Amino acid sequence: MSLIYVLDLCAVAICAITTTLEARHRDLDLFGVLVIAVISGIGGGTLRDILLGRLPVYWIHDPIYVVVGLSAGMLTFFLGRKISLPKNFFLIPDAIGLALFTVIGTSVSLELGAPWVLADVLGAITGVFGGVLRDILCNQLPLIFRTDIYATASLAGALLFIALDAYALNQAAAMLCAMSTIVVIRLAAIHWHLQLPRLK
C-alpha cells in the first residue's frame, strides 16, 4: 500500500472519530452518528474529485473507506459512552485530521495536473469540507466560520507542501513537514485564540 493510501484511510478514521465525539452531544442514535461520521470522512475528498472531474469518486472504487469510517465511528460511539472526555476534546484529533486530509488532497490534485494555486485550494477544500458537512448535519454553524484560525492553517500547510514538493524533497518528509505545520498552527490558534480580523 502506498503512503498516500495509508494516510487517507487514517484521515477517514480520525474524521469519523472526531465526528462521533462531537455528535454525541447532539442526542443522536447510533445510526445517525454513523451516517454523519461516514459522510464527514469522505466528504472533502468527494468534492475534490468532483471538481477535478475524477469520476466515479474514489470511495466508489474502493469501499474500504466507508468500512473504515463505519468501524471508527462505531468503536468511538461505544467507547465514548464509557469514557468521560472534555467537551472540546474533539478539536485535537480534528486538527490532525485537517492536516492529513489537506496534504492528501493537495498531493492528489498535483498528481492529476492541477496548477499549484488550485492544488492549494483543493487541498484546503479536502481538509475542511468534511467538517463543514459534519457541523451542518449536527445543526450548528460550521467550525470553519466560528472558531480560531482553521482554513488558514490548511491553506498554509498545503502551500508549504507544494513548495517542498517542487524542490524535490522526499515526499514523505514534505508531507510530514506540511502536516506538522498545520497541526501546530491550528493548536496554537486554539490555545491562544488566534483569529483573522472580523467584519465588526
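The values are calculated or read from the model by the stated rules, or taken from the named source; none is laboratory data. Everything numeric here is computed off the predicted structure, so don't read it as measured data. Note: ideal-geometry Cβ built from the backbone for every residue, glycine included; neighbour counts use all protein chains shown. Note: areas computed on protein heavy atoms with side chains; ligands, DNA, RNA excluded. Shrake-Rupley method; radii C 1.70, N 1.55, O 1.52, S 1.80 Å.
Points to keep in mind about this one:
- Considering residues of the stretch 157-169 that are modelled with pLDDT of 90 or more and surrounded by fewer than 19 Cβ atoms within 10 Å (Cβ to Cβ) only, the residue farthest from residue 32 (Cα to Cα): 166
- Candidate set: the stretch 1-27, residues that are free of Cβ contacts under 8 Å to residues at least 24 places away in the same chain and of a type in the set (A, V, I, L, M, F, W, C); chosen: the one farthest from residue 75 (Cα to Cα): 1
- Test: residue in the stretch 124-133 that is of a type in the set (Val, Ile, Thr), over 17 Å from the mean Cα position of the chain (by Cα) and not in a loop (DSSP other than H, G, I, E, B): no
- Residue within the stretch 85-94 that is under 24 Å from residue 172 (Cα atoms), more than 17 Å from the chain's Cα centre (by Cα) and open to solvent by 60 Å² or more (accessible area, probe 1.4 Å) present: no
- Qualifying residue in the stretch 118-128 (condition: open to solvent by less than 50 Å² (accessible area, probe 1.4 Å), at pLDDT below 95 and farther than 19 Å from residue 194 by Cα): no
- Any hit, the stretch 52-63, residues being within 30 Å of residue 193 (Cα to Cα), charged (D, E, K, R) and at pLDDT 95 or above: no
- First in the stretch 113-138 and over 25 Å from residue 33 (Cα atoms), second anywhere and of a type outside the set (Val, Ile, Thr) and modelled with pLDDT under 95, Cβ under 8 Å, 6 or more apart: 116/166
- Criterion violated by residue 181 - all others in (1) under 18 Å from the mean Cα position of the chain (by Cα); (2) modelled with pLDDT under 95 satisfied: (2)
- The residues of the stretch 1-10 that are among the aliphatic types (A, V, I, L, M) and either crowded, with 24+ Cβ neighbours inside 10 Å or assigned to a helix (DSSP H, G or I) (or both), listed by number, are 3, 4, 6, 7, 9.
- Residue 79 vs. criteria in contact with a helix residue (DSSP H, G or I) (Cβ under 7 Å, 6 or more places away or on another chain) and within 16 Å of residue 37 (Cβ to Cβ): no
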